[in-house]
Amino acid sequence: MGGYDEVYAASVADREGFWLAAAEALDWHRTPTRALDDGRPPFYRWFPDGELNVAHNALDRHVAAGRGEQAALVYDSPVTGTRLTYTYARLTQEVAAFAGVLRGLGVVAGDRVVVYLPMVPEAVIAMLACARIGAVHSVVFGGFAANELAVRIDDATPKVVVSASCGIEGKRVIEYKPLLDRALELATHRPGNCVILQRPQAKATLGPGDLDWAEAVASAAPADPVPVKSTDPLYVLYTSGTTGKPKGVVRDSGGYATALAWSMPNVYDVGPGQTIFTASDVGWVVGHSYIVYAPLLAGATTVLYEGKPVGTPDAGQFWRVCAENGVRSLFTAPTAFRALRKEDPEGEYARQHDLSGLRYLFLAGERLDPETYHWASELLEIPVIDHWWQTETGWPIVADPAGIELLPVKPGSPTKPLPGWDIRVLDANGAQVPAGQDGAIVAKLPLPPGAFSTLWNDDGRFVDSYLAAFEGYYLTGDGGRIDEDGYVFVMGRTDDVINVAGHRLSTGGMEEILAMHPDVAECAVIGVADALKGQLPRGFVVLKAGVDDSAEGYGAGLRKELVALVRDRLGAVASLKEIDIVPALPKTRSGKILRKTMRGIADGLDEPVPSTIEDRSVLDALRAVLRGDTR
Ligand code: COA
Ligand code: AMP
């Protein structure tokens, strides 16, 4: 194999050959004879005649190859003081047993199972158990409120929901069962059963139709892997779009497994028996791909960490986990490093541990600011690899491919596109812009294996949201540029999606919630730059005519109610804490709220006043609010 240029060129010159060769890394029940089915654009399918089982490839295959006693999963939980190692043999057994529980509850291939679990091994076991019997899991992040869970239950219509009595968030115990019960009251769909993992920190009261995880597993007969079509869905993962209705990203089986298996040695430089620590959450795509599937497909060891980078109990936990497990690649979000830097600017904690095994730091989920890049590089003296991807893409689009060749770094750029990704920058008319010029970042169709195949039950929205803007291209929703050396710079979302502490959220969704308040006539939520979380949402509301706001403390009271409303409907993770009551919102003459202009002013930029503005004085008043001259 050559360097980056040769590998990328090979993937372009012979796409079929390149991906069929990559697919050989897996065990196929029926080996694919073709890579790409492009007979029904814009819907592309990978390995159309292949059949496999992804859980078999992640587990049984390694046991059969003699790796049964190797660590597959290390559960490290500073918040409960637990450390557990699952060998490949044990993880296979536990997954087979839970697959038996699901099968006993009538779950068959194609049925959906919603998984609402904290960062415990049972989350990984539940996901792989679904994959084992061909069921489609849909994991919901624990930080989402009952209403968000209900929306996902109604869309995915699961036969079973798997949850726990509680999660542990820093020092707080968060009871999950009441959240699940509330979600089921709000949802119209009725799952047949709920399986509840009882944790000692809080016991849940089980109702009719609820099963205790431990009891159910004790009496279940293990289930064998069921071969599925490569094109069958492995999971649905909901992500924030521009409205309050989340998008159910559908991931296929064979294409995804192939892309992940390719990425482990080539991008992350992690092979069988080596350890990767992805400090994310199984509720996000990073967790799906690089806590669960990719490391296990590669026969590596994955670390499942239940805790935060700081405060559980200190800023030394990442380093302790790396040292204790001989971690080779650490993967997290830049925000985690900003949190570490704030707490431990001199890197004292890092120096207390033997990090000689740590070869790379991978960062993704939001833009890596050059300051954080330099701090991490100087602290660790290893390559710090920024890479860009999305829930939709399933694996990185642009990354320095550590296992092939480390490209020279330009801070602020995740370097160059990986094989399969033909990345372009277009202007508003769909014309490619010259090198160095900003525009919309798009990927030429077909997308490589691993990327989403559609949105759950909604081909129309898939096309409208992603493919309609520029024919033949996938609209990433990110803006940026490609320089004359082919380096991609991703500068931020061009839509109403924001990234708060590496969590993807919809400002449109928050606006829908604020608008529910009886006193609110209209509102806008924008993402403003934040030194720790990258971005934070900030809301602006205009009161309805006739609302009596003269009472003392009215404004403070309303702001509190609105903050609580968003927390209650969307979840604590929204982090919407700042809301201003303003007389009017700046708009164009055609009535469009000038969110981009507001964002620019909030970020302290010298934002030009659009010529289409309806009333300039409204913008001036808002500028004063944003500068803190008046509240
Ligand atoms: N369950 C319940 N609540 C959750 C939660 C979960 N799984 N995850 C977050 N929350 C809550 C937090 O407790 C917090 O609540 P609060 O407002 O009452 O304090 C709120 O949601 C916001 O959480 P977060 O944005 O994570 O802020 P934080 O101050 O708790 O932690 C960081 C800040 C930077 C340490 C943390 O966000 C972090 O580690 N980020 C890395 C993110 C990441 O891995 N992203 C995945 C993409 S790679
Ligand atoms: P998610 O779907 O939650 O993974 O969020 C995807 C979004 O996160 C992208 O559309 C980008 O806006 C942002 N993002 C992820 N990785 C990077 C990166 N390396 N640089 C800049 N933005 C990133």
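The values are calculated or read from the model by the stated rules, or taken from the named source; none is laboratory data. Remember, it's a predicted structure, so these values are computed and weren't measured experimentally. For neighbour counting, all protein chains shown are included, and Cβ atoms are generated from backbone atoms with ideal geometry for every residue, glycine included.
Among the residues of region 354-378, those identified as more than 16 Å from residue 411 (Cβ to Cβ) and surrounded by fewer than 17 Cβ atoms within 10 Å (Cβ to Cβ) are 354, 356, 357.
Are any residues in region 592-620 crowded, with 17+ Cβ neighbours inside 10 Å, of a type in the set (D, E, K, R) and not in a loop (DSSP other than H, G, I, E, B), and if so, which ones? Within region 592-620, 595, 599 qualify.
Out of the residues in region 394-425 meeting the condition of being assigned to a loop (DSSP other than H, G, I, E, B) and of a type in the set (Val, Ile, Thr), tell me which one is farthest from ligand 2 (Cβ to nearest atom). Selected residue: 404. So in region 173-211, with the set limited to residues that are among the small types (Gly, Ala, Ser) and more than 22 Å from residue 137 (Cβ to Cβ), which one is surrounded by the most Cβ atoms within 10 Å (Cβ to Cβ)? In this case the residue turns out to be 202. Against the list (1) out of contact with any helix residue (DSSP H, G or I) (no Cβ under 9 Å at 6 or more places or on another chain); (2) buried (at least 19 other Cβ atoms within 10 Å of the Cβ), the condition residue 589 fails is (2).
The set of residues from region 11-58 being over 27 Å from the mean Cα position of the chain (by Cα), aliphatic (A, V, I, L, M) and either outside the structural domain of residue 95 (by TED's automatic domain parsing) or buried (at least 17 other Cβ atoms within 10 Å of the Cβ) (or both) comprises just one member, 20.
Of all residues in region 245-280, those being of a type outside the set (A, V, I, L, M), more than 16 Å from ligand 1 (Cβ to nearest atom) and more than 17 Å from the chain's Cα centre (by Cα) number 13.
For residue 301, the conditions (1) in contact (Cβ under 8 Å) with a residue 60 or more places away in the chain; (2) in the same structural domain as residue 274 (by TED's automatic domain parsing); (3) under 19 Å from the mean Cα position of the chain (by Cα) are fulfilled apart from (3). Taken over region 474-493, the residue count meeting the criterion of being modelled with pLDDT of 95 or more and either within 22 Å of the chain's Cα centre (by Cα) or within 16 Å of ligand 1 (Cβ to nearest atom) (or both) is 10.
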